[in-house]
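A quick write-up on the structure given underneath.
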Number of protein chains: 6
Amino acid sequence: MRLLSRIRELHRAIPEATAHCDLPCGVYDPAQARIEAESIKAVQEKYQANEDPEFRQRAVLIKEQRSELVKHHLWVLWTDYFKAPHFEKYPQLHDLFNRATKAAGASGTKGNMDPATGQQLLDLIAEIDKIFWETKQA
Amino acid sequence: MRLLSRIRELHRAIPEATAHCDLPCGVYDPAQARIEAESIKAVQEKYQANEDPEFRQRAVLIKEQRSELVKHHLWVLWTDYFKAPHFEKYPQLHDLFNRATKAAGASGTKGNMDPATGQQLLDLIAEIDKIFWETKQA
Amino acid sequence: MRLLSRIRELHRAIPEATAHCDLPCGVYDPAQARIEAESIKAVQEKYQANEDPEFRQRAVLIKEQRSELVKHHLWVLWTDYFKAPHFEKYPQLHDLFNRATKAAGASGTKGNMDPATGQQLLDLIAEIDKIFWETKQA
Amino acid sequence: MRLLSRIRELHRAIPEATAHCDLPCGVYDPAQARIEAESIKAVQEKYQANEDPEFRQRAVLIKEQRSELVKHHLWVLWTDYFKAPHFEKYPQLHDLFNRATKAAGASGTKGNMDPATGQQLLDLIAEIDKIFWETKQA
Amino acid sequence: MRLLSRIRELHRAIPEATAHCDLPCGVYDPAQARIEAESIKAVQEKYQANEDPEFRQRAVLIKEQRSELVKHHLWVLWTDYFKAPHFEKYPQLHDLFNRATKAAGASGTKGNMDPATGQQLLDLIAEIDKIFWETKQA
Amino acid sequence: MRLLSRIRELHRAIPEATAHCDLPCGVYDPAQARIEAESIKAVQEKYQANEDPEFRQRAVLIKEQRSELVKHHLWVLWTDYFKAPHFEKYPQLHDLFNRATKAAGASGTKGNMDPATGQQLLDLIAEIDKIFWETKQA
């Protein structure tokens, strides 16, 4: 536990250069999509464990909103952060983003209460995250 | 004029099957992006013709919002309407959408008051629109 | 089919002067309300054909949002596009808009899953659309 | 001052039955539009008294948002609260709402930094407020 | 009835100095939170009296949105209106706001269909309202 | 560089349990506020380095929106994540959140183009972040 908290502390000390508004400010971070996706998976798990109809209706509603946020954060990365040279270097990137945003839509977390769809979304975001940080260090 | 209004009437009589919410309802229409982009170009033209500072500030603000709407409508088409077979048949589609959404961002209509950028955005939407209707008739 | 696609092509070639932001940019188009209303009717039909409770909850939620969008687009036309001379020429216009926005509310598509309410909303929008284009050509 | 605070206390003790969501919950109150309009007028006054360009840009931006909120709150009253019998009894009501929402738009508070336009908007809301409370007591 | 309407008239004639945007315009009024909370309680009551599943789903959805608005209006008062001297004079204020916003969340009106939770929220807002008007008259 | 990227990799591998929606899902992370605040500071720096009036207007607008997001993310942590035992253990917490949200308002980043205000906001978020992770490990 102590090691992890140490790493976390170091991590927070790193002067990160991420960007996401459309000035652009140059600050981007796939963590925004990941946090919402973690929330989606947690909502799906809580839904499975609770049969109260009102609770379940709130879960459907909140999962819909959070899935929309995931789509938005990913779209912003795809359009605003990634440039032509990135798409050349990572030819799978267009398809990866298309599948990831679909995974937060009707055929994915929006249309499903199975936590497995939440995990699939998290896995796709992790793939994007890996490429993202590679490009930041290039 | 009469001919055009005749065509318009016919057009309105066509039972269109378009879709855009994420149920999905199956109703999509690039007209949503096009109408916002027409607004953007008109705002840019009005900005050029009016030196009042308050008017210009409102123009910058409204253009920012409308550009964001264009990006959103295009992202929805790219993720929710277009499927794997479309991307196979139109290999340029990913790049076209990426350039079109960039054309509504900081390097395009958000960051420019030149109506030429509004027209470039409209041209890219017209390319998407053409492909969209081809796929609907397939 | 070919004729329809021909008409559509011509239609898209028409340099339309429509407006809807509040600069104002001068770009208005009842198509914005119509597209959302088509979505509502499609959602109602899909709801009737699918008894899955989660699907139905999503349908209720999405129909609520789309109905709100219809109301908004119609309110914008009523306040921002139509002027005193229009209301003189079309004395039924106030009541038509009031009934159309009510038809997207609790007593209409928001409060009903019957596609007939979606169709009634589309019919009222079609009446508004007809008057709108008459005033554009005047 | 003591009398006013006394009245305020009494006022708060009145079990008001107002309604505004689209369930509908039956709770409406023109105070929502009035509070935003008071904010608009205050923003206009502060703008006139401060020549700092950044402050003025923020004022333009905030006034735009608050004006949009006024329009929204008034539209909700016009469509959701007022019914056919009200429009019969108050034949000026359609026009009053149309002028009031226009007064919060491009030709009114959105397009002007003159506090007089803020006051005109407040006066129109006061007219609506008067009719509203008459209908509540009927 | 006549006395109440008289008081209301007087009340409306009082030149109130309230403020809520972040210019800041200086216009604040706890009535904004109270109106939404009244709506929440009314929605809860209507839910209890109506077993139609679609109606109940809409009630859950609308109550969620209105609860979020209550939270937002209260947060704005806590951060933007109240200053250090207020917190010194009313040492319970931080805790009161924290409990009031929690009362509009998952453990309060968001997570409950019991009108008693709506009433608890209204009671907490009334406590805030009392302190607010005391500080306005100081 | 390699060490930092190593730490980052480890960090991403940690199964974080954070939560932020109001189901509640139990996923919270001060990183959401921090990312927006980093964006604010970057916008302030770009503003200082660019005298183009349109660019500056966009910077004012975007900084306003991002500051609002910071306030929202912090309010959510204060109301939804932190509970009575936390406030007992950290008696400064109420005041810290009140100052941090004020630091993103009119007296802080909303009302200033000086990057020093962006840094002050980041420092306050870092204090919150430190306490947050302590409570997570407790």
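The values are calculated or read from the model by the stated rules, or taken from the named source; none is laboratory data. Because the structure is predicted, anything quoted here is derived from the model rather than measured. Cβ atoms come from the backbone with ideal geometry, glycine included; neighbour counts cover every protein chain shown. Remember, those area values only see protein heavy atoms, side chains included, never the ligands or the DNA or RNA. Shrake-Rupley method; radii C 1.70, N 1.55, O 1.52, S 1.80 Å.
Calculate the tail of P(r) for the protein assembly as shown: the fraction of all Cα-Cα distances greater than 48 Å, expressed in %. Walk me through the numbers before you get to the answer.
On the way: 55516 of 342378 pairs.
The calculated P(r) of the protein assembly as shown puts 16 percent of pairs beyond 48 Å.
Take the alpha-carbon centre of the stretch F:54-84, take the same for the stretch D:28-79, and report the distance between them in whole Å.
Spelled out, the Cα-based centre of one part sits 20 Å from the other.
Relative to the longest principal axis of the C-alpha atoms of chain E, give the angle of the C-alpha long axis of helix E:115-137, reported between 0 and 90° and rounded to the nearest 10°.
Helix E:115-137 sits at roughly 10 degrees to that axis.
How far is helix E:93-102 tilted, in degrees, relative to the longest principal axis of the Cα atoms in chain E, given as a value from 0 to 90 rounded to the nearest 10?
20 degrees
Whenever you get a sec, compute what percent of the accessible area on chain D sits on carbon and sulfur atoms (1.4 Å probe).
That fraction is 54 percent.
Given R₀ = 56 Å, FRET efficiency for B:GLU51-E:SER107 by Cβ-Cβ distance, to 0.05? Please list the in-between numbers first.
Values: r = 55 Å, r/R0 = 0.99.
With R0 = 56 Å, the Cβ-Cβ based efficiency is 0.50.
Under 9 Å from the Cβ of E:ARG58, count the other residues' Cβ atoms, weight Lys and Arg +1, Asp and Glu -1, and hand me the total.
Numbers: positive: C:LYS110, E:ARG56; negative: C:GLU64, D:ASP22, E:GLU54.
Charge balance in the 9 Å sphere: -1.
Tell me the mean residue ellipticity at 222 nm calculated for chain D from its helices only (DSSP H runs of n ≥ 4, each -39500 (n - 2.57), averaged over every residue, nearest 500). Mind dumping the intermediate values first?
Numbers: 6 runs with 93 residues, N = 138.
So the calculated ellipticity at 222 nm is -22000 deg cm²/dmol.
Which angle from 0 to 90°, rounded to the nearest 10, does the C-alpha axis of helix D:2-13 make with the longest principal axis of chain D?
The answer is roughly 60 degrees.
If you count, for every residue in E:62-71, the Cβ atoms of partner chains within 10 Å of its Cβ, what is the mean? Walk me through the numbers before you get to the answer.
Values: counts 8, 5, 6, 3, 5, 1, 1, 1, 0, 6.
Average neighbour count from other chains, rounded to a whole number: 4.
Any idea what the dipole of the stretch E:28-137 comes to, in debye rounded to 20, about its Cα centre with Lys/Arg Cβ at +1 and Asp/Glu Cβ at -1? Intermediate values should be presented prior to the final figure.
Values: 15 positive and 17 negative charges, 33 e Å.
Dipole of the stretch E:28-137, to the nearest 20 debye: 160 debye.
What is the diffusion coefficient of chain A in µm²/s, taking the Kirkwood radius over Cα pairs and the Stokes-Einstein relation at 10 °C with a viscosity of 1.306 mPa s? Spell out each step's value before the answer.
On the way: Rh = 16.1 Å.
This corresponds to a translational diffusion coefficient of 99 µm²/s.
Buried accessible area between E and D (1.4 Å probe, both chains summed, ligands and nucleic acids excluded), in Å² to the nearest 100? Walk me through the numbers on the way to the answer.
Details: alone 8800 and 8820 Å², together 14090 Å².
In total, chains E and D hide about 3500 Å² from solvent.
Relative to the compact globular guide of 2.2 N^0.38 Å, what is the alpha carbon radius of gyration of the stretch F:61-100, as a ratio?
The stretch F:61-100 yields a ratio of 1.34.
For the protein assembly as shown, with every protein chain kept in place, what is the accessible area per residue (1.4 Å probe, Å²)? All intermediate terms of the calculation are to be shown ahead of the outcome.
On the way: 33650 Å² over 828 residues.
Per residue, the protein assembly as shown has an accessible area of 41 Å².
Hull surface divided by four, with the convex hull built on the Cα atoms of the stretch D:57-134: how many nm²?
Working: hull surface 19.5 nm².
Its average projected convex-hull area is 4.9 nm².
Taking every residue in F:106-115, how many Cβ atoms of other protein chains lie within 10 Å of its Cβ, on average?
Numbers: counts 8, 4, 0, 0, 5, 7, 1, 1, 0, 0.
That works out to 3 on average.
What would the Debye formula give as log10 I(q)/I(0) at q = 0.15, 0.16, 0.20, 0.34 Å⁻¹ for the alpha-carbon point model of the stretch B:43-82, no solvent?
Debye curve over Cα of the stretch B:43-82, log10 I(q)/I(0) at q = 0.15, 0.16, 0.20, 0.34 Å⁻¹: -0.46, -0.49, -0.61, -1.02.
Can you tell me the FRET efficiency between B:TYR90 and B:ASP114 if r is taken as the Cβ-Cβ distance and R0 is 41 Å, rounded to the nearest 0.05? Show your work: numbers first, answer last.
On the way: r = 30 Å, r/R0 = 0.72.
The computed FRET efficiency comes out at 0.90.
Dipole of chain F (Lys/Arg Cβ +1, Asp/Glu Cβ -1, origin at the Cα centre): which of F:VAL60, F:TYR28, F:PHE87 lies farthest to the positive side?
F:TYR28
Take the alpha-carbon centre of the stretch D:105-138, take the same for the stretch A:109-138, and report the distance between them in whole Å.
50 Å
Pairs to check: B:LYS71/F:LYS102; C:LYS102/C:LYS130; C:LYS102/D:LYS63. Give those whose C-alpha atoms are more than 22 Å from each other in this structure. Walk me through the numbers before you get to the answer.
Numbers: B:LYS71/F:LYS102 32 Å; C:LYS102/C:LYS130 19 Å; C:LYS102/D:LYS63 29 Å.
Flagged as over cut-off: B:LYS71/F:LYS102; C:LYS102/D:LYS63.
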